[in-house]
Amino acid sequence: MDDTISPADDMWGERRGPLRPERLSPTRTRLSGRMLTRFFQAGDGLALIGAALVAQSLSGAASVSMLHSAAGLAVFISLQLFDTYRLGRAEDLALHLMRVTVAVAVGAAACFAIAAPFTALPALAETLGLWAPLGVLAMALAHAIWWLNVRRWRANGRLTPNIVIVGATGAAERLIGAVLKNREANVLGIFDDRAARAPKRVRDVPVLGDTQALLAHRIMPYVDRIVVTVPSGARDRVRALLARLEVLPNEITLLLDRNGAADEAVAIGRIADLPLTRISGAQMDHGKALAKRVQDLIIGTIALLLFGPLMLFVAAAVRMDSPGPALFRQRRHGFNNEEIVVWKFRSMRVEAADAKAARQISADDDRVTRVGRFIRKTSLDELPQIFNVLMGEMSLVGPRPHAIGMKTGDVESHRLVAEYAHRHRMKPGMTGWAAIHGSRGAIDTPDLVKQRVSLDVEYIERQSFWLDLYIMLMTVPCLLGDSETVR
């Protein structure tokens, strides 16, 4: 499945601004600059250790191992001091490698100066003379790899946050001007409730409508942050805007002008790195997100190996029971309201399939096949979602993904609870906190919708590695012990 929006299928491509990338990637694929820095530092540490081992083996003297370690540590510190992990957009590869080389040379020189009083100069010169070229080579190779990958990730949007601005104000214009210079963020568009009076463009970034248009705009699953630039003096307007926007799962921040131009410039300078005045929405804990992703990949792969034969058997049973494909695809809401295609084993007759869940499942539902009743009751129909997990669209544990347009009675379910979109602040899961607390199957009354949303939000607030393991362990006994829920 293609995770991006291209110009060909973009309804407002003709209104593209100068800060809109060619292709948009969903926020779940975004990379954290801080996490990458830690990864690069770990890679440099390993490369320096490798250089020390090679130098020691070439010298044949085990007594110099301590000196090699000291040189590696000095170079590692020097790399931090020379800010070699910043990898600025305007810095080309040759300039970056020159900075790295200088950092290695300074680190080696510092080590030489510190060790000189305690080590014979000929031995010290020979040791560092052998180690220094290897250190430069190791760091040059490592940083060439880092630089090339960062350039690729910036090009495909994974390292550049996407923002939209609320308020066609002077602060918005200054923010866009700053971003045009450093290119550290993508400003996709502007929304303003005074759209009729607002300019059509601000610094060539299009004004796409009012906040009501923003709430339902198809670009929102690709937006990392909503920046409100309404003047702080307009308190009632700010309060009304925030109340309207808080139903969104996106992070919302304020760019306030009350502290003067100097403070505003500092805030604008931080826009690509840190929240400003954070109000609501998903604030990603990248460490927890990485741990959750690793957990999904390891346990998901094991589950695929264990359940693979069973999945083949279920697929064959579905095909033999009724005409049609074994798998059923349904568009559902994922992280940050992204539309994803979720896989299931088909449990209904093909002609009765209901991709939008306009009619939720009921007892003795005449659309469900014989095999379908069994696999729905045992949740075996959900097993193909392991592929969604491995692709990164879902997680093993999280709020269950609901079909787009799903209705409770005659009303779309998301309209019944103001906080409904908050459940999209985390990837949807194959199982979840709600599932092990009895909120499974159809949500065909407003009270059931509220209960499901409440449990999902509670999970999002409490999520941890160990809670996820607990939920996975409890899922099977909870499902097998539930003979009443219609699924």
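Summary table below
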{"quantity": "Every residue from region 97-115 that is in contact (Cβ under 8 Å) with a residue 40 or more places away in the chain and over 14 Å from A71 (Cα atoms)", "calculated": "L97, V100"}
{"quantity": "Residue match in region 407-414 (condition: crowded, with 21+ Cβ neighbours inside 10 Å, modelled with pLDDT under 85, over 21 Å from the mean Cα position of the chain (by Cα) and not hydroxyl-bearing (S, T, Y))", "calculated": "yes"}
{"quantity": "Which numbered condition A168 fails, given (1) farther than 30 Å from L87 by Cα; (2) surrounded by fewer than 22 Cβ atoms within 10 Å (Cβ to Cβ); (3) of a type in the set (A, V, I, L, M)", "calculated": "(2)"}
{"quantity": "Looking only at region 145-165, and only at residues there that are among the charged types (D, E, K, R) and touching a residue at least 40 places away in the same chain (Cβ under 8 Å), the one that is surrounded by the most Cβ atoms within 10 Å (Cβ to Cβ)", "calculated": "R154"}
{"quantity": "Within region 422-476, tally of residues that are open to solvent by 20 Å² or more (accessible area, probe 1.4 Å), touching a Phe, Trp or Tyr at 6+ places or on another chain (Cβ under 7 Å) and outside any helix (DSSP H, G or I)", "calculated": "3"}
{"quantity": "Residue match in region 70-89 (condition: open to solvent by 40 Å² or more (accessible area, probe 1.4 Å), within 15 Å of G43 (Cα to Cα), at pLDDT below 90 and touching a Cys at 6+ places or on another chain (Cβ under 9 Å))", "calculated": "yes"}
{"quantity": "Criterion (in contact with a Ser or Thr (Cβ under 8 Å, 6 or more places away or on another chain) and either over 18 Å from D193 (Cα atoms) or at pLDDT 90 or above (or both)) met by exactly one of P325, P275", "calculated": "P275"}
{"quantity": "Members of region 179-237 that are open to solvent by 30 Å² or more (accessible area, probe 1.4 Å) and among the aliphatic types (A, V, I, L, M)", "calculated": "L180, A195, A196, A213, L215, A216, A234"}
{"quantity": "Which numbered condition V247 fails, given (1) aliphatic (A, V, I, L, M); (2) open to solvent by 10 Å² or more (accessible area, probe 1.4 Å); (3) at pLDDT 85 or above; (4) under 21 Å from the mean Cα position of the chain (by Cα)", "calculated": "(3)"}
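The values are calculated or read from the model by the stated rules, or taken from the named source; none is laboratory data. These figures come from a predicted structure and were not determined experimentally. Don't worry about glycine lacking a Cβ; one is built from the backbone with ideal geometry, like all the others, and counts go over all protein chains shown. Heads up: the accessible areas ignore ligands, DNA and RNA and are worked out on the full protein's heavy atoms, side chains in. Shrake-Rupley method; radii C 1.70, N 1.55, O 1.52, S 1.80 Å.
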